[in-house]
Amino acid sequence: MNYFTKLSEDERMQELAYDEYRRKMDYRLDQLDSKEEGRKEGRKEGRKEGRKEGRKEGRKEGRKEGRKEGRKEGRKEGIERGRKQGIEEGRQAEKREQAFKLLELGVDISTIVKATGLPKSKILKLKKK
């Protein structure tokens, strides 16, 4: 005789009801565990996606900032280069003007080359004018 046959009808019904209750509770606990696991997995996936999106946004913002800084630096370099070029052009114009005046005074070409630092070919071109 087994345990279940020794019980009265009421006790067997209570035992069956308790077994059903335990199955339902186990099922519910499994659902909660699954839900919690799903939540953890979702959170992990969300963080991963968020980092990916954040990196993408960060790169976009970084490129924008980099272009802005690059333009600013480029303008600054361009202004400096233009200023230096303008100064050099002014010096060359002054040397040509001095050479022209010395030619008008009848100074020897070799002396003008030494005085201005201009090449002889440029002084000869000025002489033709």
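Read the figures in this text as sums done on the coordinates, not as results from a lab. Only a predicted model underlies this, so the values are computations on that prediction, with no experimental measurement involved. In this analysis, Cβ positions are derived from the backbone assuming ideal geometry, glycine residues included, and neighbour counts consider all displayed protein chains.
Things worth noting here:
- The range 94-119 and the range 28-80 have Cα centres spaced 67 Å apart.
- For K64, the lysines whose Cα comes closer than 22 Å to its Cα, not counting residues fewer than 8 places off in the same chain, are K52, K56, K72, K76.
- Taken about its Cα centre, the range 3-60 carries a charge dipole of about 1140 debye when Lys and Arg each add +1 at the Cβ and Asp and Glu each add -1 at the Cβ.
- Mean residue ellipticity, 222 nm, helices only, the chain: the sum of -39500 (n - 2.57) across DSSP H runs of n ≥ 4, divided by residue count and rounded to 500, is -32500 deg cm²/dmol.
- All aspartates and glutamates inside 17 Å of K122 as judged from Cα atoms, apart from same-chain residues fewer than 8 positions distant: E88, E89, E94, E97, E104, D108
- For K60 and E37, the FRET efficiency from 1/(1 + (r/R0)^6), where r spans their Cβ atoms and R0 equals 35 Å, is about 0.50.
- At an R0 of 35 angstrom, the distance between the Cβ atoms of K101 and R81 translates into a FRET efficiency of 0.70.
- When the convex hull of its Cα atoms is viewed from all sides, the range 1-101 shows a mean projected area of 10.5 nm².
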